[in-house]
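To start, the structure under review is shown below, and the notes come after it.
Throughout, read-outs are computed from the coordinates displayed, never taken from laboratory work. Remember, predicted model here, so these are calculated numbers, not experimental data.
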Amino acid sequence: MTGSPRERQMGEQAETQKSVRLDTWLWAARFFKTRALAARAIDGGKVKLNGERAKRSKEVTPGDEIRVKKGPYEFVVIVRGLSEKRGPASEARTLYEETPESVWERQNLKALMRAEPLPVYKGKGRPTKKERRAIERETRRLGGG
């Protein structure tokens, strides 16, 4: 096996592991900056494992499909490798394969959002509570926050 000692260690670790916790895998694959953020997203229903809402302790195995909703974007990935340790981004990319449909959807949404500006408050002075809620609702719908 060629490569750095770390790559060899990661490869050996992947061969011996059969499954990893969902929150740990999402963190190791760099979908979330911390495990706590990954756990919060899972508990909030933003992550689905094989089409079903999962708990953070659910075990992930190679071949599983994971859907991750982050802001306006949704990533659909197939698990290709396992890791309990967070490594460089180049190693994290080897843990999954994003589906072509997912890539296409995200690129289209990104282009659409770039073309459509966020709503701006046109009233006089400070918005009322009702107006503020309408602004926030519209901003969330367009993926601005």
With θ set to phi - 60° and the Karplus curve 6.51 cos²θ - 1.76 cosθ + 1.60, what are the ³J(HN,Hα) couplings of region 17-32 in order, to the nearest whole Hz, using x for Gly and Pro? 7, 9, 7, 9, 4, 4, 5, 5, 5, 4, 5, 5, 7, 6, 7, 9
Per the C-alpha gyration tensor (a ≥ b ≥ c, the square roots of its eigenvalues), region 26-68 is rounded if a/c is under 1.5, else prolate if a/b beats b/c, else oblate; here it's oblate
Among K110/K130; K18/K85; K33/K85; K48/K129, which pairs are too far apart, with a Cα-Cα distance over 23 Å? K110/K130; K48/K129
